[in-house]
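Asks: Before we start, here is the structure in question, set down as structure tokens.
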Amino acid sequence: MKLNLKRPLAFFDLETTGTNLAIDRIVEISILKAMPDGTEQIKTMRINPEMPIPLESSLIHGIYDEHVKDAQTFKMAGEELARFLDDSDLAGFNSNRFDIPMLLEEFLRAGIDFDLENRHFVDVQNIFHQMEQRTLKAAYQFYCGKSIENAHSAEADIKATYEVLLAQLDRYKDADFEDKKGNISKPVQNDVEALHKFTNLSRPVDFAGRMVYNEDGEEIINFGKHKGKRVEDVFHAEPSYYAWMQQGDFPLYTKRCLEKIWVRWNEKKIIVKQQRETITVIDRKSLEEVQKKGEAQAQREPSGQGQDNRSANQQQQKKKSEPITNDMLEQLKLKFGK
């Protein structure tokens, strides 16, 4: 079966010094880039991790310190890898939980801006585990009827992963899947966007799973004492939690995602504050206007009083201007007894 692709889908696998995203390093990366026209490109690189490879890790993947002492460091190889993956969606086996976050850590440490926006991520292990619950070796045997030769070699593993996905698409193209809510669908389709949705059911924010999205698309803490709480609610109740995570032993990409939420939360606080201040100013101005109108009304004379006063004054002026007559003198004599 040929993959139905709108853009390249890059299957990749890492061999590392260990599984701790914060401190371990890549020692080998192999990428199989499936192109929309059906062709494939493969790139495999050994990487000098700039730290000793623990013996227990070397016993698994067969890569020892002497094998990588003359290899490029990730900082040296990172730009080439970023260009090779630049136009691609990403796929792998357990890639969402390990390979993608580990690769991101290396890009961030090297100061290389590797953008994940608008990419799809297909984790073949998630399809397998959700449909069959097996390992890569068992998956290869189960779906392809083959045994992996040279297992734990990055290139052998990634080729097997690619073949497993093709076999899964054949096997499950009409298979029903029932989710935890009882919804039934046919999620395994020859479409990268559909596979992205099915292999990211946990909806991680940061791949490491420290934060996940809820049904409303809000970021939720997924560990520790605040597990299940909205990240923004945690910031509101305990602002120091942000500093604790930024200073703690968490993956760099987890910290970057947390920082974006922190910045957005603070921007919301500023907007709300500005809105409250605007409402307060409007209320204050309205009150002042009411007070001014009241004062003006209080100073204004009652209706009709001004006209009466003007009439009285006019009458007094008229009396003052009238000439003194004999009748007026007689009235004064009677009044004062003279």
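The values are calculated or read from the model by the stated rules, or taken from the named source; none is laboratory data. Since we're looking at a predicted model, the values are computed, not measured. Here the Cβ is made from the backbone with ideal geometry for all residues, glycine too, and neighbour counts use every protein chain on show.
Asks: Can you pull out every residue in the range 143-182 that is farther than 23 Å from residue 202 by Cβ and modelled with pLDDT under 90?
Replies: 148, 149, 150, 151, 152, 153 - these are the residues of the range 143-182 that are farther than 23 Å from residue 202 by Cβ and modelled with pLDDT under 90.
Asks: Also: Can you name every residue in the range 125-149 that is more than 12 Å from residue 168 (Cβ to Cβ) and either touching an Asp or Glu at 6+ places or on another chain (Cβ under 9 Å) or surrounded by 14 or more Cβ atoms within 10 Å (Cβ to Cβ) (or both)?
Replies: Listed by number, the residues that qualify are 135, 136, 137, 138, 141, 146, 148.
Asks: Between a first residue in the range 239-268 that is free of Cβ contacts under 8 Å to residues at least 60 places away in the same chain and a second residue that is in a helix (DSSP H, G or I) and exposed (fewer than 13 other Cβ atoms within 10 Å of the Cβ), which pairs have beta carbons less than 9 Å apart while being 6 or more apart in sequence or on different chains?
Replies: 265/236
Yes or no, residue by residue, for (1) surrounded by fewer than 16 Cβ atoms within 10 Å (Cβ to Cβ); (2) farther than 19 Å from residue 252 by Cβ:
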position	(1), (2)
20	yes, no
29	no, no
37	yes, yes
54	yes, yes
111	yes, no
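Asks: Right, another one. Return yes when residue 167 is buried (at least 16 other Cβ atoms within 10 Å of the Cβ), in the same structural domain as residue 62 (by TED's automatic domain parsing), free of Cβ contacts under 8 Å to residues at least 40 places away in the same chain and not in a loop (DSSP other than H, G, I, E, B) and no when it is not.
Replies: yes
Asks: Of all residues in the range 95-144, which are charged (D, E, K, R) and not in a helix (DSSP H, G or I)?
Replies: 113, 115, 117, 119, 123, 132, 134
Asks: Could I ask something else about it? Restricting to the range 218-264, and then to whatever is of a type in the set (A, V, I, L, M, F, W, C) and either over 23 Å from residue 105 (Cβ atoms) or assigned by TED's automatic domain parsing to the domain that holds residue 99 (or both), can you tell me which residue is surrounded by the most Cβ atoms within 10 Å (Cβ to Cβ)?
Replies: Filtering first and then ranking leaves 234.
Asks: I'd like to know if the range 196-206 contains one or more residues that are more than 30 Å from residue 115 (Cβ to Cβ) and touching a residue at least 40 places away in the same chain (Cβ under 8 Å).
Replies: no
Asks: Cβ-Cβ below 8 Å, separation at least six or inter-chain, first residue in the range 6-23 and farther than 13 Å from residue 92 by Cβ, second charged (D, E, K, R) and in a strand (DSSP E or B): which pairs?
Replies: 7/89; 8/33; 8/89
Residue by residue, here is whether (1) more than 30 Å from residue 34 (Cβ to Cβ); (2) assigned to a strand (DSSP E or B) holds:
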{"position": "187", "(1), (2)": "no, no"}
{"position": "190", "(1), (2)": "no, no"}
{"position": "193", "(1), (2)": "no, no"}
{"position": "212", "(1), (2)": "no, yes"}
{"position": "216", "(1), (2)": "yes, no"}
{"position": "233", "(1), (2)": "yes, no"}
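Asks: If I filter the range 29-71 down to residues being among the hydrophobic types (A, V, I, L, M, F, W, C) and modelled with pLDDT under 95, which single residue comes out as nearest to residue 159 (Cα to Cα)?
Replies: The qualifying residue nearest to residue 159 (Cα to Cα) is 60.
Asks: For residue 79, which of the numbered conditions (1) part of a helix (DSSP H, G or I); (2) under 25 Å from residue 249 (Cβ atoms); (3) charged (D, E, K, R) fails to hold?
Replies: Checking residue 79 against (1) part of a helix (DSSP H, G or I); (2) under 25 Å from residue 249 (Cβ atoms); (3) charged (D, E, K, R), the one that fails is (2).
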